[in-house]
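Chemist: Shown below is the structure under consideration.
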Amino acid sequence: MKLMIDLFSTDYGLMSLIVIVLILVMAVFFTCLFMGKMKHIAAEAPKE
């Protein structure tokens, strides 16, 4: 419980939480971006 109190009530805890959330959002964004580009490139590839 002390961990959660420190995470949400101290300045270093809030900054850590912001960094964790930012990294997760970036991971989702880049995964969607790269998957979309792979689908686009595969659609343009010549069919054999």
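The values are calculated or read from the model by the stated rules, or taken from the named source; none is laboratory data. This structure is a prediction, so every number in the text was calculated from the model and none was measured. Every residue, glycine among them, receives a Cβ derived from its backbone with ideal geometry; neighbour counts consider all protein chains shown.
Chemist: Taking the conditions exactly as written (surrounded by 10 or more Cβ atoms within 10 Å (Cβ to Cβ) and at pLDDT below 95), does residue 30 satisfy them or not?
Modeler: Against the criterion (surrounded by 10 or more Cβ atoms within 10 Å (Cβ to Cβ) and at pLDDT below 95), residue 30 does not qualify.
Chemist: Here's a follow-up. Yes or no: residue 41 surrounded by 10 or more Cβ atoms within 10 Å (Cβ to Cβ), out of contact with any Pro (no Cβ under 7 Å at 6 or more places or on another chain), at negative phi and part of a helix (DSSP H, G or I)?
Modeler: Here the answer is no, as residue 41 does not meet what is asked.
Chemist: State the number of residues belonging to region 1-22 that are of a type outside the set (Asp, Glu), loosely packed, with under 10 Cβ neighbours inside 10 Å and either in contact with a Lys or Arg (Cβ under 8 Å, 6 or more places away or on another chain) or part of a helix (DSSP H, G or I) (or both).
Modeler: So the count comes out to 5.
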